[in-house]
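Since the structure comes first, as structure tokens, the remarks are kept for the end.
The values are calculated or read from the model by the stated rules, or taken from the named source; none is laboratory data. These numbers come from a predicted model, not from an experiment. Cβ: placed from backbone, ideal geometry, glycine included. Neighbour counts: every protein chain shown. Quick note on the areas: whole protein, heavy atoms, side chains included, nothing else; ligands and nucleic acids left out. Shrake-Rupley method; radii C 1.70, N 1.55, O 1.52, S 1.80 Å.
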Amino acid sequence: MNVSDYIAKFLIEKKVEHIFGFQGGAILKILDTAVNTGKIKYIQNYHEQASAFCADAYSRIKGFGVAIGTSGPGATNLITGIANAHFDSIPCLFITGQDYLTNVIKPEGVRQNGFQDLDIVSIVKPITKYAVMLENPEDIRFELEKCYYYAMNGRKGSVVIDIPIDIQFKEIDEASLKSFEIKEEVKNFEYNKVEEVISLIKNAKRPVAISGGGIRIAGAIHEFNEFVSKTNIPVVSTLNGLDVCGDNFSFAGLHGNTYSNTIVKSADLILAFGTRLGQRQVGKKP
């Protein structure tokens, strides 16, 4: 198989059924291979920014989103969506095409050597959990697994893999590809505050729960709603947590509703679930 074959196989194994993008010469091989599997449907947008946001939305529902773009402007058009997914902790893989490897590795002092030759990896590093250009075809398994791991583990977010045109066509031996392995530290959390929280809830006269987008990211929507049902505590939400609980009193904060903010202001106990209580939620004062 070649590198593009392996990418398609990897995406299918991760249960990716749709990818979003706007095609260009530097990404056509990967796109063609993925679509020809018959298991991945390609959704063409008319701007890569839309593709990035589609991957973001897809991930929020399906758990993992993928968008593609060609080299140069195709890659840079993805940037706003890459940043959005990253800041909202949404796991997304962005695959960008790149000019031929020999053109990308430029002599010192040359601004641009190939057509649409652009160092997208350096540009997106501040807004991704991991970004890499694939220089060795034998590293494709390692880099894809590493991208997926970083996107899906810890605080989730965006990852980018940039692949030169010629690398996409390179033949590889799947059996000899090295995998990505990481030794994780097992953290034993001590829930020593549970009894204290229960006591606070029992003694509160005007408690309120704030539901944030982190509840969905943690896969805890059912547990949260069960908690609300058993305690009968009123719920207001952040913007990203609006659809977590159907019985919430809309969202609070700078752009929230007056009555939601009044509930929070009048509460004698605030239980914050999956929210970082950012500036737009609680104001500018530290």
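Observations on the structure shown:
- Within the chain, DSSP assigns beta bridges of which about 5% are antiparallel (rounded to the nearest 5).
- Restriction of the trypsin sites (Lys or Arg not before Pro) in the range 15-117 to DSSP coil positions whose beta-carbon has at most 12 other beta-carbons within 10 angstrom yields Lys15, Arg111.
- With the convex hull of the Cα atoms taken as the outline of the range 153-282, the averaged projected area works out to 12.9 nm².
- Label-zone membership for the range 244-277, site Glu226, 7 angstrom Cα→C-beta point, backbone N under 12 Å: none
- Between the beta carbons of Leu242 and Asn192, assuming R0 = 41 Å, the FRET efficiency works out to 0.80 to the nearest 0.05.
- Only protein heavy atoms count here; under a 1.4 Å probe, Ile90 has an accessible surface of about 10 Å².
- Qualifying trypsin sites (Lys or Arg not before Pro) for the range 114-219 [loop in DSSP, other Cβ within 10 Å: at most 12]: Arg155, Lys178, Lys183, Lys187, Lys193, Lys205
- Summary value for the range 94-159: 27 percent relative contact order, contacts being C-alpha pairs under 8 angstrom separated by 6+ residues.
- When the listed pairs Lys15/Lys39; Lys125/Lys178; Lys106/Lys129; Lys41/Lys156; Lys14/Lys146; Lys15/Lys129 are checked against a 19 Å cut-off, the alpha-carbon distance exceeds it for Lys125/Lys178; Lys106/Lys129; Lys41/Lys156; Lys15/Lys129.
- DSSP loop chymotrypsin sites (Phe, Trp or Tyr not before Pro) with at most 13 other Cβ within 10 Å excluded, longest remaining stretch of the chain: 192-286
- Debye log10 I(q)/I(0) for the chain, one point scatterer per Cα, at q = 0.16 Å⁻¹: -1.16
- Distance in nm between pseudo-label sites at Ser250 and Ile43 (7 Å out along the Cβ direction from Cα): 2.9 nm
- Every Cα-Cα pair of the range 36-139 was included, and the share exceeding 23 Å stands at 31 percent.
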